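> Have a look at this one before I ask anything.
Readers should treat all values here as calculations from the given coordinates under stated rules, not as data from a laboratory. For clarity, every value in this text was computed on a predicted model and none was experimentally measured. Heads up, the Cβs are rebuilt from the backbone with ideal geometry, glycines too, and the neighbour counts pull from every protein chain shown.
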Amino acid sequence: MSGISSEAFVLGLSAIGAALAMFGVMGVAIGQGITAGKAVEGIARQPEAQGDIFRTMVVGMAISETTGIFCFIVAIVLLFANPLIRLL
Amino acid sequence: MELGPRKIIEIGQFYITETVVLLWIISGILILFTFFATRKMQKVPRGLQAAAEWIVEFIYNFVEQTMGRNNLRFAPYVGTLLSVLVVGNLLALFGFRPISANVNTTFALATITFFLIHYNAVKSRGALGYVKHLAEPNALMLPINLISELAFPVSLAFRLFGNITGGAIIMSLLYGGLASLSAKLTGSVPIFMIGIPLPFNFFFDIFEGILQAYVFTTLSMVFISNGIGHEEKASH
């Protein structure tokens, strides 16, 4: 079995790392789904507060999406602006 | 594939990217709008002046809701932040790369917010009160609070950057895919790009752009007013 060049090795493992990094968005999806469910419950309990509840839910989701965006940024950096190649 | 904003002017080592040019365009748009809205002002506003008055009143109400009545001096900064971010993200509808898709822009805005938070905290609490605020429940919390204060502008910048860049990448992939599909079918008429990108443009450019600008501004305001603290301690 011939050896792999070190650049191909780093690139290949970066691709796997980028795919593994996106596993972190599972938590974000579950959390945002729970938030939406609680918001719907709140609206069902008091339909007059629909505007306030909806705005608060949207802001809460945008803030809790941050950790998912961090995972996405790690994946993008590994794929497009890989810093490990320059260290070879 | 998106690899960063294009460089438009290159002079040796110094270059100007399309983000900087777009920021000049946005500044020009905002300056022209305010110039034409405040010429020949009348007591009962009409036209552009009415729109400008609506915007100013909206921003002042927004600041008063979030920061309280005696922090209204931050309303110009909040208004500028909101205007630049909303106009900058909405210009992506015209095919430009949105300005927040450049990590330098979002870090610059987050750095301004960071300096505002700490300068106003020191000015309103005094140097000793500021250090006491960082060691809030217990002196052991000091390193943790320091790290959280440093991590806040980083998270602010990356939230805006990641959301808008993700949207821009998906839009460019979509347009590229539709272009190659219609090239296979008809050759040079972009027949698939007529109506299909519309809901994606609505979600990624309009909704995400405005929402992320709103979240950035709200978080800046909340943290500035948290840094200043409650004013009932300082009454005399």
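> How crowded by other chains is B:208-219, given as the mean number of beta carbons from other chains within 10 Å of each beta carbon? Show your work: numbers first, answer last.
Details: counts 1, 0, 0, 5, 2, 0, 4, 8, 1, 0, 3, 3.
Average per residue, whole number: 2.
> Cα axis of helix B:48-67 to longest principal axis of chain B: angle in degrees, 0 to 90, nearest 10?
That helix lies at roughly 50 degrees to the long axis.
> What are the equivalent ellipsoid semi-axes of region B:159-228, built from the alpha-carbon gyration tensor (square roots of five times its eigenvalues), in whole angstrom, biggest first?
38, 10, 5
> May I pose another question? What is the average number of partner chain Cβ atoms found within 10 Å of a Cβ in B:93-100? Could the numbers behind the result be given before it?
Values: counts 0, 0, 0, 0, 0, 0, 0, 0.
Per residue, the number of nearby Cβ atoms from other chains is 0 on average.
> Something else about it: Determine by what factor the alpha-carbon radius of gyration of region B:75-168 differs from 2.2 N^0.38 Å, reporting the quotient.
Values: Rg = 16.6 Å, N = 94, 2.2 N^0.38 = 12.4 Å.
Against the compact-globule rule of thumb, the ratio is 1.34.
> Can you give me the long-range amide H partners of B:T17? Hydrogens built in the peptide plane at 1.01 Å from N, cutoff under 5 Å, separation of 5 or more residues or another chain.
B:I8
> With N denoting the number of residues in the protein assembly as shown, provide Rg(C-alpha) divided by 2.2 N^0.38 Å, to two decimal places.
Normalised Rg, Cα atoms only: 1.18.
> Given the -39500 (n - 2.57) contribution per DSSP H run of 4+ residues, what per-residue ellipticity at 222 nm results for chain B, rounded to the nearest 500 deg cm²/dmol?
My calculation for chain B gives -23500 deg cm²/dmol from helical runs alone.
> Per residue of B:155-166, count partner chain C-beta atoms within 10 Å of its C-beta, then hand back the mean as an integer.
4
> For region A:25-82, list log₁₀ I(q)/I(0) at each q in 0.12, 0.25 Å⁻¹, using the Debye formula over Cα point scatterers of equal strength and ignoring solvent, two decimals each.
Log-scaled intensity ratios, in q order: -0.39, -0.93.
> Oh, and also: Based on a Kirkwood Rh over C-alpha pairs, give the Stokes-Einstein translational diffusion coefficient of chain B at 25 °C and viscosity 0.890 mPa s in µm²/s.
On the way: Rh = 20.6 Å.
The Stokes-Einstein estimate is 119 µm²/s.
> Follow-up question, since we're still on this one. To the nearest Å, what is the center-to-center distance of region B:100-174 and region B:3-76, using C-alpha atoms only?
Each part's Cα centre sits 22 Å from the other's.
> Taking only C-alpha pairs under 8 Å that are 6+ residues apart, what is the relative contact order of region A:25-82 in percent?
After rounding, I find 46 percent.
> Once every DSSP H run of n ≥ 4 in chain A is given -39500 (n - 2.57) and the sum is divided by its residues, what mean residue ellipticity at 222 nm do you get, rounded to the nearest 500 deg cm²/dmol?
-25500 deg cm²/dmol
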